[in-house]
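Q: The structure follows.
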Amino acid sequence: MDWNLPLISFIGLHKHNRMNRKWWKEATVYQIYPRSFKDSNGDGIGDIPGVIEKLDYIKNLNIDVIWLCPVYKSPNDDNGYDVSDYRGILPEFGTMEQFDELLRGAHDRGMRLVMDLVANHTSDEHQWFVESRSSVDDPKRDYYLWRRGDNGTPPNNWQSFFGGDAWEYDTQTGEYYLHLFTRKQPDLNWDNAKVREDIHDLMRFWLDKGIDGFRMDVISLISKGGYADSPFGEFNETIKKVYANGPRIHEFLNEMNRKVISNYDVMTVGEGPGIDLENGLDYVDECREELNMIFHFDHMFIDHGPEGKFDPVPYDLVRFKEIFSRWDERLKDRGWGSIFLGNHDFPRIVSRFGDDAEYWEKSAKALAMMLHTLRGTVYIYQGDEIGMTNVAFDSFEEYDDVEITNIVKEYKRQGKNLDQLLKVVHRQGRDNARTPMQWNKDLNGGFTTGSPWIKLNPSYEKINVADQENEPNSILNFYRQMISFRKDNLTLVYGDYECIDESHAQVFAYWRWDEESVFLVLVNFSERAHSFAANDKFEILDPSREMSNYSEGHSYQGNVFNLRPWESTLYRVK
Ligand code: ISL
Ligand code: CA
């Protein structure tokens, strides 16, 4: 291949990418679920001083940004995603002084801190709701979505994300209020300008303290449309067309950006059920001035069957690759992507997309390589950097998550098979990601000296930070190297992306390139060996192997690479 041709196109087409450099585009973000991270005082609950204790650990992982899940006052119906006071810290997590210390500690180490903004709904114990529910003519009545029922039945057929009606009848005033999540999470009425101003104010409160941005919980849901029955049988379709992407969503986000966000050097990432390839760019197109990034769920719902997450089906790698490729294509030069495979709402990534048995270590590293070589900001969920796996508790009593509790109730009501459900919970339940962080092999994995709020995954004797600190070839050290390799090679951040042989059902391979370098990334998503032929987009003369989960024995001939089980290798071709 003639090198001159692609070089010309590099200069012409791709140089401007670098001109739009932003710290948050180059960042690797580490998500902390504080309840399960580190307990400092032996009450069994992770807390802010626990996070402070571990700041050096996070820094040594080469992290740039910490995203802290909610630490606000909350009755914890949904583990903090039900806020009762946006300006107060939940006492079991610590005090505002300790929060300030955490923020300083992160900044002193050259890291940034992003908080979770949960503003689609509040807790029913928030003062606004307490007042709102008190009478139909309370000044706060219109802060929430109250409707008259229809002859003793709810205003419409909307269903909660966690099962059951999305409307709760309130005897005090004889009306229903909307809650897309639990009945203790009433939805705010964003059409009310006072609600928006109050949210803007509380955002300023945190930004003025110096935090570095927000992850915005279910932000795609804040604008509600009409209140007609949903005509769709399928829940995901209902989300997209009825609950999410409402008529004023972009007006609200643009207003928030103009009035609040644009006054600070911060990042925003909106979480969005109902966001897909069709509408995603509307949220992050740089010229629209709404959000920097979104979390879409196209790949996270990939194994959901017709009945949703508790009806799992095997996932298809071709489809998986397609999702990443189509999104890259859609956002290219216009908006910015988020690269993640898990969080506190989903199973452990190595159990879900890798192999948590024989090829545990290899596959965890393979996923780490994929995360750090696709275009977009990288998000790592706590524990994935040591390859934490799913947990399989023996009974429902050992689970805590309200989503699990609700589905169990629903199965009982319908007389469905609970043994079967337990197996599905082992695979899909959110508590897979919420068992405590595994620091060492001492009592309770070093998470707490007391009795943990949720049991540890017994795997902590085998999978823990302390062991991996001492092992040069550990998953943890692989993450460290991958993160810093990406930072040193901005081609992996900004460079173009092209999938090779998209229809290959076992290997995910792609080119990343710009005027500076050309990389070839090969990830074998299977326990079998494969010979994989790269295309001739770039000439492969004497590629240098930069990163791999196999330390030796690499073989290739021309452009054909012999990949061993779960092998992932990154070559520099130029
Ligand atoms: O986990 C899910 C379904 O099993 C998702 O649909 C999830 O409910 C959705 O992505 C919204 O998640 C966010 O808001 C919820 C909260 O429970 C989640 O923890 C949070 O990440 C309500 O605030
Ligand atoms: Ca504690």
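The values are calculated or read from the model by the stated rules, or taken from the named source; none is laboratory data. A quick note: this is a predicted structure, and the numbers were derived from the prediction, not measured. Don't worry about glycine lacking a Cβ; one is built from the backbone with ideal geometry, like all the others, and counts go over all protein chains shown. Just so you know, the surface numbers come from the protein's heavy atoms only, side chains and all, with ligands and any DNA or RNA stripped out. Shrake-Rupley method; radii C 1.70, N 1.55, O 1.52, S 1.80 Å.
Q: Output the residues belonging to segment 305-322 that are open to solvent by less than 80 Å² (accessible area, probe 1.4 Å) and under 14 Å from Asp501 (Cα atoms).
A: Leu317, Val318, Phe320, Lys321, Glu322
Q: Considering each residue of segment 75-87, count those that are among the hydroxyl-bearing types (Ser, Thr, Tyr) and either away from ligand 1 (no atom under 11 Å from the Cβ) or at positive phi (or both), and give that number. Show your work before the answer.
A: The initial filter retains those residues of segment 75-87 that are among the hydroxyl-bearing types (Ser, Thr, Tyr), namely 81, 84, 86.
Those left that are additionally either away from ligand 1 (no atom under 11 Å from the Cβ) or at positive phi (or both): 84, 86.
Here the count works out to 2.
Q: Only one residue in Asp229, Asp187, Asp198, Asp170 is surrounded by fewer than 16 Cβ atoms within 10 Å (Cβ to Cβ) and either free of Cβ contacts under 8 Å to residues at least 24 places away in the same chain or more than 16 Å from ligand 2 (Cβ to nearest atom) (or both). Which one?
A: Working: Asp187 fails: surrounded by fewer than 16 Cβ atoms within 10 Å (Cβ to Cβ); Asp198 fails: surrounded by fewer than 16 Cβ atoms within 10 Å (Cβ to Cβ); Asp170 fails: surrounded by fewer than 16 Cβ atoms within 10 Å (Cβ to Cβ).
Criteria check complete, one pass: Asp229.
Q: Now for a different question. Could you tell me which of the residues Ile222, Ile294 is within 18 Å of the chain's Cα centre (by Cα) and within 16 Å of ligand 1 (Cβ to nearest atom)? Explain how you work it out, then say what you get.
A: Details: Ile222 fails: within 18 Å of the chain's Cα centre (by Cα).
Answer to the check: Ile294.
Q: Let me ask something else about it. When segment 38-63 is examined, which residues are found to be touching a residue at least 60 places away in the same chain (Cβ under 8 Å), surrounded by fewer than 24 Cβ atoms within 10 Å (Cβ to Cβ) and under 27 Å from Ser474 (Cα atoms)?
A: Within segment 38-63, Lys38, Tyr57, Asn60, Leu61, Asn62 qualify.
Q: While we're here: Please specify each residue of segment 254-280 satisfying the condition of being touching a helix residue (DSSP H, G or I) at 6+ places or on another chain (Cβ under 7 Å) and open to solvent by less than 20 Å² (accessible area, probe 1.4 Å).
A: Listed by number, the residues that qualify are Met256, Val260, Val266, Thr268, Gly270, Glu271, Gly272, Pro273, Gly274, Ile275, Gly280.
Q: Right, here's the next one. How do the pairs read when you match residues in segment 536-548 that are under 25 Å from Leu476 (Cβ atoms) with residues anywhere that are open to solvent by 70 Å² or more (accessible area, probe 1.4 Å), using Cβ under 9 Å and keeping only pairs 6 or more apart or on different chains?
A: Met547/Gln481
Q: If I ask for residues that are open to solvent by 10 Å² or more (accessible area, probe 1.4 Å), closer than 19 Å to Lys73 by Cα and free of Cβ contacts under 8 Å to residues at least 60 places away in the same chain, which ones from segment 95-127 would you list?
A: Answer for segment 95-127, where residues must be open to solvent by 10 Å² or more (accessible area, probe 1.4 Å), closer than 19 Å to Lys73 by Cα and free of Cβ contacts under 8 Å to residues at least 60 places away in the same chain: Thr95, Met96, Glu97, Gln98, Glu101, Glu125, His126, Gln127.
The rows are residues; the columns are (1) under 24 Å from Asp265 (Cα atoms); (2) of a type in the set (A, V, I, L, M, F, W, C); (3) away from ligand 1 (no atom under 16 Å from the Cβ).
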{"position": "Glu26", "(1), (2), (3)": "yes, no, yes"}
{"position": "Pro34", "(1), (2), (3)": "no, no, no"}
{"position": "Ser40", "(1), (2), (3)": "no, no, yes"}
{"position": "Ile48", "(1), (2), (3)": "no, yes, yes"}
{"position": "Leu55", "(1), (2), (3)": "yes, yes, yes"}
{"position": "Ile58", "(1), (2), (3)": "yes, yes, yes"}
{"position": "Asp64", "(1), (2), (3)": "yes, no, yes"}
{"position": "Leu68", "(1), (2), (3)": "yes, yes, no"}
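Q: Right, something else. Having 2 or more residues that are out of contact with any Phe, Trp or Tyr (no Cβ under 8 Å at 6 or more places or on another chain) is the bar; report the strands (runs of 3 or more DSSP E) wholly within segment 236-316 that clear it. Break it down stepwise before answering.
A: Values: elements: 267-271, 293-295, 308-312.
By residue number, 308-312.
Q: On to the next question. Within the bounds of segment 75-83, is there any residue that is crowded, with 23+ Cβ neighbours inside 10 Å, in contact (Cβ under 8 Å) with a residue 60 or more places away in the chain and hydrophobic (A, V, I, L, M, F, W, C)?
A: no
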